[in-house]
Each structure stands twice: as C-alpha cells, then as structure tokens.
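Contents: one structure, followed by commentary.
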Amino acid sequence: MKIEFQNISKQFGEIKANDDISFTIDSGTIHAIIGENGAGKSTLIKILSGQLLPDNGTISINDNPIALGSTLHATEQGIGILGQDPLDFSNFTVLESFIAGSHNNQIFLSKPKIEQTIELYSKQFNWDIKPNSLIKDLSIGERQQLELIRLLEKGTKIIILDEPTSGFSLEQKEKVFNTLRTLANDGYSIILVSHKIEEILEICSKATIMQNGKATQTVSLPIDPNELVNLMFGEQSYIQNSFNLYSENSQNITIEVTKNNQLKTTENLQLNQNLIVGIAGLQGSGADSFIQSFITKTNYSTKILTETNSHINQNAITYVPADRLEKGLFSDMNIMQHVALIHDTNGVINWPNIRKISENLIEEYGIRGTPNSLAQNLSGGNQQRLMLSLIPKETQVLLLEQPTRGLDIQSARYIWSNLIESREEKVITIFSSVDLDEIYSYANYIICFYNDDIVAHGTQKELPRELTMQKISGR
C-alpha cells in the first residue's frame, strides 16, 4: 500500500515537531525513517497511527486521503504498530494473551480457531510459538513474533516498527527480518524507525532523513554507513568512542549480593572507585531487576560497602529508570517545574530564579526545549538529558537502566560524555544494557545476567565480548 505524506505540520508550544513534511513510501517496501532524537520521527508516526492530529497536511493511502486523529480509523485503514515493548500479559498463556488483546468484541471466541491461526502463522514464517506456552517463558523475540501475528490477524497492511529489535538475539532478529522481507514481497508496506544503522542498511530499500522537524531527503539503500550518518547529523559524525575509561582509584568498593535472603558469598564483587559497571543481559534476564535491587526489594538485595566496611547512605544513591515518563519524569509537568522539585525552596518557590536555573540547564545539557516545555512533548533523547540534569550533586552511586535505549548516536555519545566527565564525583556508576556495543564502549567491569542469575563477572580483559555473548545467551 502506497503512503503519501503531504505538507504535514505539528507544533507543540514553540517547538515545531513536524514542519511541512512531504514524501512517499512505496507499496511492498521496507522504508526507514531516521534522524537524531528530536528530529520529529515519533510525532510523524503518531500522526500516521492516529494518536495525534496534525495542525496541517494530509496522508493518503493508495491515493485516497484518510481520516486523521483517530486510532480506530487508522486500524480500519490497516495501520498497526509493533513497538519495542510487547503488549502482552506475562502470566497468561500465548492463547490467553492473544484472546485478551483481540479486536474481536464477541463474548465467545473460538479457541481452536485462534490456536489454528497462531500455528498457521508460526509455520508460515518458520517460528516456534506454541499456544499453550506461558508468555513469561518466551524470549523477547518470540513475544514480538506473537505481536506481529496479532497485527496480521487484525488485517494490518501497513506495519510500523519502532525500535523493534531491542534485546533480540542474532537468531531472533534474523527470523523477524526474514518475516518482514516476506511480507514486503507480498505487498505489505513496512516502516522501520530505528537508530541502528547496520539494521537499516541490512533490511531497508529506502530511508527518509529527518532533521529539525523536516524531511530533508529520501535516499535509496544500501549506501556507505558513514554517508548515511553524515546525512543524519552532518559531516564527520561517525566517530569511534575515544573516552579513557580508566582512572586513578582512591578506594575499594564491595557489592554484597544476596538472592532470596541467602548470601551469595561467591558473588561479592570487589570493585574500585570510579569504575563504570555494565550489567549485560537480554531483556527479561534480570539485569534491570538487579539495578533496582539497590533501592527496592526484588529477588536480589544488594549493599555497597566502602573500604572501612561502612554502607553507602541510601540518600546518596540516584536511580535513573529506563521508562522515562512512567518512572523518571512527570509527563504533564514542564522543565521548570521539574527543576523546582529538586531545589530546596524552604516552602517558597522563587520562580524567576528557577527559570534562570532551568535556562542554564537547558543550555548546559543541550535540551531542545524551553522552560515551559512539557516532559511528554520532549523527544526520548531530550527526556534523558532532562533526567541527567536533575541528578543531585551529592550522588555517590548512580544507577542507570538502559541509559541510551532508543537514542541516536549523537545523543547516546552526549549522555556518556556527560556521565564519564562527572564520574570523579561519584563512588561508582552502574548501568544495565541489552546492547553489547554500549557495554564494551563504556563499561570497564561487566556483570553478565541470564535467567535472573549472575553467570559471570570481570573486567573486559577477563570477559571478552564473545564469552559475554555466550553467557547472556545461556551457553
């Protein structure tokens, strides 16, 4: 199905998220929409899927304009989204989760027919999804496959994929990519929103580049990856990490790990101050839960001890969650209000002073917005920059869940540049990531998770990349 964007514009306050965007996606193709964080990709996708109403412009499918601003109308037009977080129920079986999310409003649904549908698609795409399997026992890739079956069963012909391969193994990614190629050959239109240049070049035939709310050009693929990155960010953007990860250490740190109330003495981790510790694991491996265990009760209980065997005060630990709007920020509050929350006002807020502080933080952290910008209207990268700007100065332990998830190359590099420059003020920085490139670019000590257990830990020299891949895959 051919999709034509015509003069699409959308503005949030003073920010032009989409500015007179026009381009075409051909039927039966896999088309990438790429650009740095804040370029306007998410806004455009939300308009196509009916989540937002544009200020101006139209969208046509097969030369017929469609109604905008309604998810129901979008679904009726065959438009569906496969996001990075599967919409399912972990304690349900595959069949139960499929029924719960069905668009069919009938009271009685035919379980044998639904089982047949799941098995038919699984066989067609060479998947191994069994209707009676529990969702929590599936890999992230298998859960995404189930979501794709749900979209196809609903009659979706235009499939939008928003960072779909986060946490995938190589085998899972290849299965999904093969399926997308098959669907494109059958006339489906696939839109891929991703920051992973290698994936875009592997599977897409065209890419539309967005900058500052505008669609600057559409290029045919493949092209040289450096050229593609330069089109997104400007010349000389594709540079390798050159940070010095090692620094002088002033004291030793011990992380005491307890699981299910039993001290795992073999997992007492002897670390040095100023280390950046990467927690590696596929999605659902327990890596994020381990990060959370420093501040709340999970399967693990963790304590950080100094050389003198004293505990780090809980008030000196700062946690930055992966879910920026659900846990990290208040979606309907602006930047200035967030800044006011972290400053001691003695009960009286000096708003002119708070505005000045906000303006300084916006400039210092490169946030694309104004003091009055709502958190929910910021891009993912700018939301992450806002959260970093709010980290208390007295922080000694910084915990980060998936710190660059969904961020472009430039934003991710900025985040890490800021974290590394400020690490001298902290005892330790601990982050989880499903991206091994990120782990091996920024961590000088690695802890591997699989099936909710620590399966290996050590320096990069002790844990080469190939060994880490085996450990987090359960081999």
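The values are calculated or read from the model by the stated rules, or taken from the named source; none is laboratory data. Only a predicted model underlies this, so the values are computations on that prediction, with no experimental measurement involved. With ideal geometry, Cβ positions are generated from the backbone for all residues, glycine too; neighbour counts draw on all protein chains shown.
For segment 333-385, a residue qualifies if it is closer than 26 Å to LYS41 by Cα, in contact (Cβ under 8 Å) with a residue 40 or more places away in the chain and in a helix (DSSP H, G or I), and the qualifying residues are ILE335, HIS338, TYR365, ALA375, GLN376, ASN377, GLY380, GLY381, ASN382, GLN383, GLN384.
Taking strands (runs of 3 or more DSSP E) that do not extend beyond segment 1-75, which have at least 2 residues that are in contact (Cβ under 8 Å) with a residue 60 or more places away in the chain and of a type outside the set (D, E, K, R)? Before the answer, list the steps.
Details: elements: 3-12, 15-25, 30-34, 56-61.
Ranges flagged: 3-12, 15-25, 30-34.
Hey, any hits in segment 405-427 for a residue that's crowded, with 19+ Cβ neighbours inside 10 Å and part of a strand (DSSP E or B)? No: segment 405-427 contains no residue that is crowded, with 19+ Cβ neighbours inside 10 Å and part of a strand (DSSP E or B). Against the conditions (1) touching a strand residue (DSSP E or B) at 6+ places or on another chain (Cβ under 6 Å); (2) closer than 28 Å to ASP186 by Cα; (3) surrounded by 15 or more Cβ atoms within 10 Å (Cβ to Cβ), SER9 satisfies every one except (2).
Quick grid of which residues meet (1) among the polar types (S, T, N, Q); (2) over 20 Å from ILE430 (Cβ atoms); (3) at pLDDT 90 or above; (4) not assigned by TED's automatic domain parsing to the domain that holds GLU14:
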| position | (1), (2), (3), (4) |
| --- | --- |
| ALA316 | no, no, no, yes |
| TYR319 | no, no, yes, yes |
| VAL348 | no, yes, no, yes |
| TRP351 | no, yes, yes, yes |
| ASN360 | yes, yes, yes, yes |
| ARG368 | no, yes, no, yes |
| GLN376 | yes, yes, no, yes |
| ASN382 | yes, yes, no, yes |
| THR395 | yes, no, no, yes |
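Residues that are among the polar types (S, T, N, Q), touching a helix residue (DSSP H, G or I) at 6+ places or on another chain (Cβ under 6 Å) and either under 17 Å from LEU282 (Cα atoms) or assigned to a helix (DSSP H, G or I) (or both) occur at least once in segment 432-441.
Evaluation of LYS393 against the conditions (1) without any contact (Cβ under 8 Å) to a residue 60 or more places away in the chain; (2) part of a helix (DSSP H, G or I) shows that the sole unmet condition is (2). Note on segment 3-38: among residues that are more than 15 Å from ASN56 (Cβ to Cβ) and hydroxyl-bearing (Ser, Thr, Tyr), the one that is nearest to the chain's Cα centre (by Cα) is THR29.
Checked against (1) of a type in the set (Gly, Ala, Ser); (2) modelled with pLDDT of 90 or more; (3) within 20 Å of the chain's Cα centre (by Cα), SER166 passes all but a single condition, namely (2). Taking the conditions (1) at pLDDT below 85; (2) more than 30 Å from PRO321 (Cβ to Cβ); (3) among the basic types (Lys, Arg) in turn, LYS259 satisfies each one other than (2). For segment 13-71, the candidate set comprises residues that are within 26 Å of PHE177 (Cβ to Cβ) and of a type in the set (D, E, K, R); within that set, the residue that is modelled with the lowest pLDDT is GLU36.
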